[in-house]
Structures are given as C-alpha cells and as structure tokens.
Amino acid sequence: MATTYVPAPDEVEDLLHEVLLAHHPDLIAADVTFGVLMAANDEDDAITHHGYPALAVIKVTNHKDRVLGLPDCSLAIDAAWWNTASIEERKAILDHEATHLVLMLDKQGAVKTDDCNRPKLKLRPHDLELGVFLEIVDRHSKNSQEAQAYLGLVATMKQKKLKGDA
Ligand SMILES: [Zn+2]
C-alpha cells in the first residue's frame with residue numbers, strides 16, 4: 001500500500017514554530033516556510049530515507065515547485081510514531097529535521113535568494129552515521145569497524161551526559 005499524506009494539524013505546526021524560535025531563529029528571520037505532512041501506511045514503513053525506515057524526512061523544495069508557490073521545504077512525519085511520542089521526543093525530531101536546513105549566505109552574510117525571492121537552502125548531513133552489517137560483527141567482533149564506531153558513539157554519548165540516563 002502506498003503511503004498517504006494529510007496536512008499536519010495545528011498542534012504540529014505550533015510545536016515546530018516553538019522549536020524554530022528556540023533553536024533556529026535564523027530560519028524564522030529568513031521567513032523559511034514549511035509544508036508539513038503527516039504520513040501514514042498501515043502495511044509498511046510510512047517514510048523511508050535512502051532505503052531505511054525513518055520517523056521524519058525533510059526536503060528542500062525544488063525550483064519548479066517554488067515557482068508554483070509551494071513552501072520552501074517540506075517535512076513529512078510518521079503519523080503513527082508521532083501519536084505515541086512524548087512532547088520531548090516530538091520536539092527532538094522537529095529540531096533534528098530543522099538542523100538539516102542550512103541557509104545559503106553571500107559573502108556579506110546575507111541570505112541568498114532564488115529568482116522567486118525565496119531563501120536558498122541546502123541540506124546539512126548528519127555529524128555521523130553508523131553503517132552496520134550484523135554478520136560482520138559476528139565474524140569480527142571488536143575488530144569490526146561496526147563495533148568500534150558503536151563503542152566510540154557510546155563513549156561520546158557518555159561525555160554528553162544524557163539527561164535522564166541511569
Ligand atoms: Zn536526519
């Protein structure tokens with residue numbers, strides 16, 4: 001079954017605005033507009049990104065669609081996950097997705113605009129990603145890059161002193 005989308009309810013838009021005000025005031029100042037969609041799929045992952053299931057995905061609207069008047073970017077959120085998530089988890093995913101957006105600036109530091117006079121955006125990649133084959137962990141244990149990357153990540157998370165972590 002194909003994923004179906006509905007426009008996000010006001011509560012999602014309101015929480016996004018709150019997160020943008022708190023952590024991404026540059027996006028507010030540049031008047032970046034978001035089209036927010038709730039994605040649902042009863043039989044399969046509602047959202048996939050690079051072939052993997054994802055809770056949300058953000059895309060910069062292409063030039064043709066901007067000319068047609070669509071928002072500057074689109075954010076799709078897995079509705080089933082959203083409905084079970086806490087307010088803190090919801091804020092975290094909205095902050096995560098907004099962090100993917102980077103305003104393009106000129107040499108003077110002003111936001112570049114396209115010929116629709118909309119802010120130019122690019123996507124920031126994650127600081128780190130783990131690519132894991134479980135069978136490689138089975139065969140090579142602590143010598144696998146999988147295990148070493150995971151243990152390195154655990155050490156980094158400990159340094160960050162996760163709040164609420166036992
Ligand atoms: Zn991401």
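Bear in mind these aren't lab numbers, they're just calculated from the coordinates by the rules spelled out. For clarity, every value in this text was computed on a predicted model and none was experimentally measured. Cβ coordinates were reconstructed from backbone atoms using ideal geometry, including for glycine residues, and neighbour counts include every protein chain displayed.
Key figures for this structure:
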{"item": "GluC sites (Glu not before Pro) restricted to segment 35-98 and DSSP loop, no more than 12 other C-beta within 10 Å", "result": "E43"}
{"item": "DSSP bridge orientation in the chain - percent antiparallel, rounded to nearest 5", "result": "75 percent"}
{"item": "GluC sites (Glu not before Pro) within segment 117-166: DSSP coil, no more than 14 neighbouring Cβ in 10 Å", "result": "E129"}
{"item": "Gaussian network model of the chain, Cα within-10 Å springs - most flexible of I58, I87, I47", "result": "I87"}
{"item": "Base-10 log of normalised Debye intensity for segment 1-76 (one unit scatterer per alpha-carbon) at q = 0.12, 0.14 Å⁻¹", "result": "-0.39, -0.53"}
{"item": "T61 long-range amide H proximity, modeled H, under 5 Å", "result": "C73, S74"}
{"item": "Unsatisfied cross-links (Cα-Cα over 22 Å) in the set K59/K158; K59/K120; K64/K122", "result": "K59/K158"}
{"item": "D_trans [Stokes-Einstein, Kirkwood Rh over alpha-carbon pairs] for segment 51-104, 20 °C, 1.002 mPa s, µm² s⁻¹", "result": "171 µm²/s"}
{"item": "GNM result for the chain, Cα springs below 10 Å: residue of R118, R66, R139 fluctuating most strongly", "result": "R139"}
{"item": "Within segment 14-166: Cβ-based charge dipole about Cα centre, in debye rounded to nearest 20 (Lys, Arg +1; Asp, Glu -1)", "result": "700 debye"}
{"item": "D10, D114 arranged by Cβ crowding within 10 Å, fewest neighbours leading", "result": "D10, D114"}
{"item": "Translational diffusion coefficient (Stokes-Einstein; Kirkwood radius from C-alpha pairs) of segment 30-166 at 20 °C, 1.002 mPa s, in µm²/s", "result": "119 µm²/s"}
{"item": "Gaussian network model of the chain, springs between alpha carbon atoms under 10 Å - residue of K91, K59, K142 with greatest fluctuation", "result": "K142"}
{"item": "Size-normalised alpha-carbon gyration radius of segment 87-140, reference 2.2 N^0.38 Å", "result": "1.81"}
